[in-house]
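Worksheet: the structure to be examined is printed underneath.
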Amino acid sequence: MKYDISALGNALVDTQYMVDHDFLSGIGLEPDSMTLASAEEHSPIINKLNEMGAESVSDCGGSATNSLVAASNYGSKCHHVCRVANDEDGKKYLDSLQIAGVEHIGFSKENSDLPTGKCLIFVTPDAKRTMSSMLGISAYLGPKDIDYEVIGDSKIFYIEGYMVTSDDNFNAVLSVLENLNGQDTLKALSLSDSGIVHGFKDKFKQIESFGIDMIFCNDDEAMAFAGAENLEDAIKFYKTQSYMIAITTGSKGSIVIKNGEIISSPAVKITPVDTNGAGDMYAGSFMHAYLQGSDLSTCAEFSNFASSKIVETFGPRLVPEGYAEVLNKLKKS
């Protein structure tokens, strides 16, 4: 196949800020959560942040984007299915993808009055991240934004879980899954957020019905998808499923379950700075290692190491030397 990973996800220009918990309370956001917002709701928050002079970093973002950027930096050939407007943020987004080596179909020609999506990410002193996302044009992704031939020529098709929150996005996911019916492309799914899983469980189950091969999630998302009260019961559930699941468990590391077998991989001991993008880094790293023929234990160990480097960094990106350091870890495995 020509491509390693194709993904479908929101195109958001992420701007990340260092704030305290009082700031979150002041703008009415629950810590460590994701909330959808409008451009009008973002405006006073941005003004307040500018007045404060809050430390910030900005880059192309979105969950699937972060995973593809990581995999591409390791050498995987990646293609992103997402929608951006021909505006300043859209140009910034596509320029960033190009620098990372991730291919994309280009600016959307529909809904041209809507802006490129934007996500405000607030990192508190405990290294947790709270997100407020304005989807903009990204919420209306449709068939004209999708190169079905490229996805069918990919080893893995990766679905960002946030796609269930918009009818247009969800229908786009279904159209790709229907198009892939009978093909050899592996289907991978990120659960993205436990609140999203609880709120859109029926849509996640509909995606699962197409024969998902891999699921990536954290422990809260794993419990939500399994309908379990605790992680132990969730693990029992996943041991009976046909797909592989990789569950990140924060400072404890990660658990991979496939064909009833449980593979536990401890976390790397670090001083956390910012957990934003850690799960995305894990998924992108895991898929790259998997496609290189690594066993599941090696994939998990490599992905834990990669995630630790992101958690030590303010922002969801490493410098090129950082990705090279992570990749060297896999080469030594």
Quick check: Cα centre of segment 20-56 to Cα centre of segment 264-311, how many Å?
29 Å
Pick out, from Leu174, Val84, Ile105, the residue whose Cα sits farthest towards the positive end of the charge dipole of segment 80-196, with +1 on the Cβ of Lys and Arg and -1 on the Cβ of Asp and Glu.
Val84
In Å and from the alpha-carbon atoms only, list the Rg and Dmax of segment 6-97.
15.1, 43
Global form of segment 129-251, assessed from the alpha-carbon gyration tensor, a/c cut-off 1.5
oblate
Per the rule of 0.36 nm per residue minus the C-alpha distance, extending Asn171 to Ser297 adds in nm 41.9 nm
For Lys201, list the aspartates and glutamates whose Cα falls under 12 Å from its own Cα; do not include residues on the same chain fewer than 8 positions away.
Asp193, Glu221
Using the beta-carbon distance between Glu55 and Glu178 and R0 = 35 Å, what value does 1/(1 + (r/R0)^6) give for FRET efficiency, to the nearest 0.05?
0.20
Assuming R0 = 35 Å, what is the FRET efficiency of Glu321 and Ile27, from their Cβ-Cβ distance, to the nearest 0.05?
0.45
Can you return the aspartates and glutamates within cross-link range of Lys2? Criterion is Cα-Cα under 16 Å, with same-chain partners fewer than 8 residues away left out.
Glu103, Asp147, Glu149, Asp153, Asp184
Based on the alpha-carbon gyration tensor of the chain, what equivalent-ellipsoid semi-axes (square roots of 5 times the eigenvalues) come out, in whole Å, largest first?
27, 24, 20
Antiparallel as a % of all DSSP beta bridges within the chain, to the nearest 5?
40 percent
Go through 25-38, 85-98, 60-73, 284-297 and give me the packing order, highest mean Cβ count within 10 Å leading.
60-73, 284-297, 85-98, 25-38
Distance between segment 229-257 and segment 95-149 - C-alpha centres, whole angstrom
29 Å
How do Lys205, Lys329 line up, fewest other C-beta atoms within 10 Å first?
Lys205, Lys329
Subset of Lys128/Lys252; Lys48/Lys92; Lys77/Lys187; Lys92/Lys128 violating a 20 Å alpha-carbon distance limit
Lys48/Lys92; Lys92/Lys128
Is segment 229-287 rounded, prolate or oblate when judged by the Cα gyration tensor, a ≥ b ≥ c being the square roots of its eigenvalues, rounded requiring a/c under 1.5 and prolate requiring a/b larger than b/c?
prolate
Checked segment 64-199 against the a/c 1.5 cut and the a/b vs b/c comparison, axes a ≥ b ≥ c from its Cα gyration tensor; verdict rounded
Charge dipole magnitude, Cβ of K and R +1, D and E -1 - segment 152-310, Cα centre, debye nearest 20
340 debye
Protection proxy ranking, peptides 195-204, 214-223, average beta carbon neighbours within 10 Å, highest first:
214-223, 195-204
Could you compute the FRET efficiency for Ile99 and Asp20, with r as their C-beta to C-beta distance and R0 at 35 Å, rounded to 0.05?
0.60
Leading residue at positive end of dipole, segment 193-285 (Cβ point charges), from Ser254, Phe225, Ile270
Ser254
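Values quoted throughout were computed directly from the atomic coordinates according to the rules given, and no laboratory measurement underlies them. The structure displayed is predicted, hence computed values, not measured ones. Backbone-built Cβ (ideal geometry, glycine too); neighbour counts: all protein chains shown.
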